[in-house]
1. I'd like the Karplus ³J(HN,Hα) series for segment 15-27: coefficients 6.51, -1.76, 1.60, θ = phi - 60°, whole numbers in Hz, and an x wherever there's a Gly or Pro.
2. Stretched out fully, how many nm does the piece from residue 14 to residue 134 gain, at 0.36 nm a residue minus the Cα gap?
3. Order these peptides, 190-202, 3-15, by their mean beta-carbon neighbour count within 10 angstrom, highest first.
4. Arrange the following residues from fewest to most other Cβ atoms within 10 Å of their Cβ: 102, 172.
5. Using label points projected 7 Å from each Cα along Cα→Cβ, tell me how many nm separate residue 32 and residue 78, to one decimal.
6. Can you work out the Karplus-derived ³J(HN,Hα) for every residue in segment 135-143? Use 6.51 cos²θ - 1.76 cosθ + 1.60 with θ = phi - 60°, whole Hz, and x for glycine or proline.
7. Kindly provide the Kirkwood hydrodynamic radius of the chain in Å, to one decimal, from all pairs of distinct alpha carbon atoms.
Amino acid sequence: MYLPKSFEETRIEVLHDMIRTHPFGTLVTLNKDGLEANHIPFEIDSSQEPFGILRGHVARANSVWNDHRNGQALAIFQGPQTYISPSWYTTKVETGMVVPTWNYVAVHAYGELRAIEDRDWLRKLVDSLTITHEAGRREPWEVSDAPSHYIDKQLGAIVGLELTITRLIGKWKVSQNRPKQDRSSVIRALKEQGGESSLAMARLMENATDDVT
């Protein structure tokens, strides 16, 4: 990933928080036919130093669990992203020398991938993922709500994946390379525009502005 120094995010806790907030990752592996991408919800275990461990699962029918070569894999997580209009820059009025761009946040996690078929491990993972994503609902669904024989059958139809992260890269492209007045005017424009993505980017830009100052 192209990563200018001004856009680099190295704080592990920040990168892990982004993965927790946006856990639906793209897993890139190499098989006999070349590169393959699968889209998988992950959970991040921050207790394993230095970079943590990603855990998820796929259908047993998905060959990624036994067809990837050399064990190396890349998981990509995409955070808030939005188009930035040059008309939002204060500099447009002053010089006219501005162009459109795209602000975004991304985390790349590289590491060793292994498949896990142990039923107890799988049940623990499924329980953990369910608790995480049902949290906040008025009546959260639990794995134990389904018949045990049905859950046992479903566990037999999946395989766990564990990615021990050996390299973790974060890119926060949130206008850090623009003058202060341009960053401020873009934040205002994003808030006026509204919408989940625009407001999330405005918050990220405000935090980055605090870091710069």
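What follows is calculated from the coordinates using simple rules that are stated; it is not laboratory data. This is a predicted model, so every value here is computed, not measured. Note that we place each Cβ from the backbone using ideal geometry, even for glycine, and neighbour counts take in every protein chain shown.
1. 5, 5, 4, 5, 5, 5, 6, 10, x, 7, x, 9, 9
2. Additional length available on full extension: 40.9 nm.
3. Sorting 190-202, 3-15 by mean packing, highest first, produces 190-202, 3-15.
4. The fewest-first ordering by Cβ neighbours comes to 102, 172.
5. Result for the modelled spin labels: 3.1 nm.
6. 4, x, 6, 4, 10, x, 6, 10, 4
7. That comes to 19.4 Å for the chain.
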